[in-house]
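Student: Pasting in a structure now, in structure tokens, and then I'll have a few things to ask.
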Amino acid sequence: MTALFSIACAAFPASGGAAPGSPPAQSSTQTQPTFQIQSKTNVVVVRVVVRDAKGKPVDGLTQNDFQLFDNGKLQTVAQFAVEHPVASAEKAPATASERLAQPSELQPTFAAPERFVALYIDDTRARSEDLARVREAGLRFLANGIRSQDRLGIFTTSGFVNQDYTSDHTKLEAALAKLQYRPNTGDPRGECPELSDYQADLIANHEDPDAVTIAVNEAIKRGCAPTHGGAGARAIGLTTAGDVGGVKEVILARAKQVFELYDLQAHTSLYTLQEMIRRVAQLPGQREIVLVTPGFMPLTFRSMLEDAADLAVRSNVVIGALDPRGLVNTVQTADAGDQQFNIDSDSDRREETSVRMNYEQMRDWAAWAVPAELAAATGGEAIHNTNDLAAGLVGVSAPPPVSYTLAYSPTDLKSDGKFHTLKVRLNNERGLIVDARKGYFAPREVPSAQEQIDAQIKEAAYSAGETMELPVNLQTQFFKTKAGGAQLTLIARVDARGLSFRKEGTTDTNHLRFVAVVFDEDGNYVTGQQKDLDVTVSDASLAELRTQGLSMRTIFALVPGSYLVRQVVRDSEGGHLTALSRTVVIPR
């Protein structure tokens, strides 16, 4: 047979090479196909959860049940998938056929992590008393909501708590014990006058007369206004937004300063959330982030919010949200005695209380809309106004039992960064509720075809699902070295009868990319390699190649332990991709 093969290694941090390894002491081989949405240029992915009037997710819908609109224009759904991501309870003993496929007497196995849950707790906004209840709820969640196949990580927005994914309850309990209120540097809460992000926006960017007057009255009453304060100070009626001794100018300047601080906090929150999504996206299993937050205003960073939702959807990360405050009574908050400043008449007092109450309600709604929208866009659940935080953690950490993924290429999409509204409708609504992302920002730069391919391979390498678009048989072999380490070899055999070749004169060519990644028993990345195989074969030898097939060895130097390995193979001509998983236990 006349064939030319060229092998190149690159990209992932490598250990080992392409040369054959020493004879293995133990080996295993398995296959398992599944379906997966494919990544292509200019594709918008929309995850949809349909619920009935009682909030129960609805199963059994098909692509024909949905209509999808982009800026009011009906789109053609190019790809559709139904997802049932509920994990198994506990691993059942292997069947007789499974024992034959992977002899337990030769290679012990372990229960690879199936689900990764990140508790991302907003300790820069949640009050101390709320975080105390989160600690208690977290302990109950550890006792009743986590299985042996789950890995839990606990992180905070302040960065003070950073417990990576583990099943060790002692470490997780220690992380929960560290929770406390840690405001950002320069946090304006508690200062005079005290302005919320919502009120600061109204004053600084809109000069809302009522918001200005309330702030002026507070400044006068509390003595932080120039030449005002004390028992003789007079309030400004809500019907007047006049300048009283320069107080208004002070309030306007203060509001701009406060708005900039809150705007920076919003940027930091959304940036760290995106980094959290990227971190979770590299874990080989179900991926969930639970935002424990009272909510926050996105202010000038609305595009970052949409980008976070898009990143989560494309990375198969489900975001849930839980409000740690429990039952929220904005009427009581707005009517508190320390909120009434120097209102002389009963009518003025009632009027200001009414305006304050309205601001509190509007602020609460707008702030909670951020985590709620992230949950709706990614297929998660948002729980607000409940005192049972432990049950809330269980509810928001579990993905819906069924969701639908719709992908389409927008017609006439321009790389202008403009916002596109999305609307998903059912042909027969029947009183059903549709949760989906509300829109997206058009990219300013369209990724190249190669960048899209690289992203598809990376996504497959860091996922848990198995895809079999190419016929690939994967075998693992290892032996222990004299120095106490181990050498692990992955052998990927490709049935060439499933490959397409590009004809160039009297030769046929194809390019295959092999990516292998190793994770430890907690799902943490250990090492990986990428190898490219260029195949050129004559017409006369193509039939023989199809009979013999192709193989690629990838060798890793590891220490004894339990590992999950992922092998991804993609061919250039057909654009087909296979992703397989194996568990390997190297005895210590």
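Student: Part of a strand (DSSP E or B), among the aliphatic types (A, V, I, L, M) and over 30 Å from residue 42 (Cβ atoms): is that true of residue 474 in this structure?
Tutor: Here the answer is yes, as residue 474 does meet what is asked.
Student: Picking from 539, 534, which residue would you name as being over 33 Å from the mean Cα position of the chain (by Cα) and more than 18 Å from residue 472 (Cα to Cα)?
Tutor: One residue alone meets the criteria, 539.
Student: Tally time: how many residues in segment 544-563 are free of Cβ contacts under 8 Å to residues at least 60 places away in the same chain and out of contact with any strand residue (DSSP E or B) (no Cβ under 7 Å at 6 or more places or on another chain)?
Tutor: 2
Student: In segment 489-501, how many residues are crowded, with 18+ Cβ neighbours inside 10 Å and either of a type in the set (S, T, N, Q) or assigned by TED's automatic domain parsing to the domain that holds residue 285 (or both)?
Tutor: 1
Student: Only one of 73, 91 is at pLDDT 80 or above and either closer than 20 Å to residue 566 by Cα or in the same structural domain as residue 419 (by TED's automatic domain parsing) (or both); which?
Tutor: Checking each option against the conditions leaves just 73.
Student: Now, a different point. Starting from segment 122-140, keep only residues that are part of a helix (DSSP H, G or I), then list their pairs with residues that are aromatic (Phe, Trp, Tyr) whose Cβ atoms are within a distance under 7 Å, requiring at least 6 positions of separation or different chains.
Tutor: 128/181; 131/181
Student: Of everything in segment 548-580, what is of a type in the set (Ser, Thr, Tyr) and buried (at least 20 other Cβ atoms within 10 Å of the Cβ)? Give them in sequence order.
Tutor: Selection gives 554, 563, 578.
Student: Okay, moving on. If I filter segment 398-418 for residues that are over 25 Å from residue 500 (Cα atoms), at pLDDT 85 or above, more than 21 Å from the chain's Cα centre (by Cα) and in a loop (DSSP other than H, G, I, E, B), do I get at least one hit?
Tutor: Yes, because at least one residue in segment 398-418 is over 25 Å from residue 500 (Cα atoms), at pLDDT 85 or above, more than 21 Å from the chain's Cα centre (by Cα) and in a loop (DSSP other than H, G, I, E, B).
Student: Assuming residue 34 fulfils every condition listed in (1) modelled with pLDDT under 90; (2) part of a helix (DSSP H, G or I) apart from one, which condition is it?
Tutor: Only one criterion in (1) modelled with pLDDT under 90; (2) part of a helix (DSSP H, G or I) is unmet by residue 34, namely (2).
Student: Please go through segment 272-316 and give me each residue that is closer than 22 Å to residue 116 by Cβ, in a loop (DSSP other than H, G, I, E, B) and over 13 Å from the mean Cα position of the chain (by Cα), ordered by number.
Tutor: 284, 293, listed by residue number.
Student: Among the residues of segment 150-166, write down those that are of a type in the set (A, V, I, L, M, F, W, C) and over 17 Å from the mean Cα position of the chain (by Cα).
Tutor: 160, 161
Student: What is the number of the single condition among (1) touching a residue at least 12 places away in the same chain (Cβ under 8 Å); (2) outside any strand (DSSP E or B) that residue 425 does not meet?
Tutor: So residue 425 meets the others, but not (2).
Student: With the checklist (1) in contact (Cβ under 8 Å) with a residue 40 or more places away in the chain; (2) over 15 Å from residue 293 (Cα atoms) in hand, flag the one item residue 418 doesn't pass.
Tutor: (1)
Student: Among the residues of segment 193-210, are any of a type in the set (Val, Ile, Thr) and either in a strand (DSSP E or B) or in the same structural domain as residue 290 (by TED's automatic domain parsing) (or both)?
Tutor: So far as segment 193-210 goes, no, none of its residues is of a type in the set (Val, Ile, Thr) and either in a strand (DSSP E or B) or in the same structural domain as residue 290 (by TED's automatic domain parsing) (or both).
Student: Residues to consider are 424, 446, 472; find the one that is among the aliphatic types (A, V, I, L, M) and surrounded by fewer than 15 Cβ atoms within 10 Å (Cβ to Cβ).
Tutor: 446
Student: Got at least one residue in segment 398-408 being surrounded by 14 or more Cβ atoms within 10 Å (Cβ to Cβ), over 18 Å from residue 85 (Cα atoms) and of a type outside the set (Asp, Glu)?
Tutor: yes
The values are calculated or read from the model by the stated rules, or taken from the named source; none is laboratory data. The model shown is predicted, which means the values in this text are computed figures rather than measured ones. Methodologically, a virtual Cβ is constructed for each residue, glycine included, from the backbone with ideal geometry; neighbour enumeration extends over all protein chains shown.
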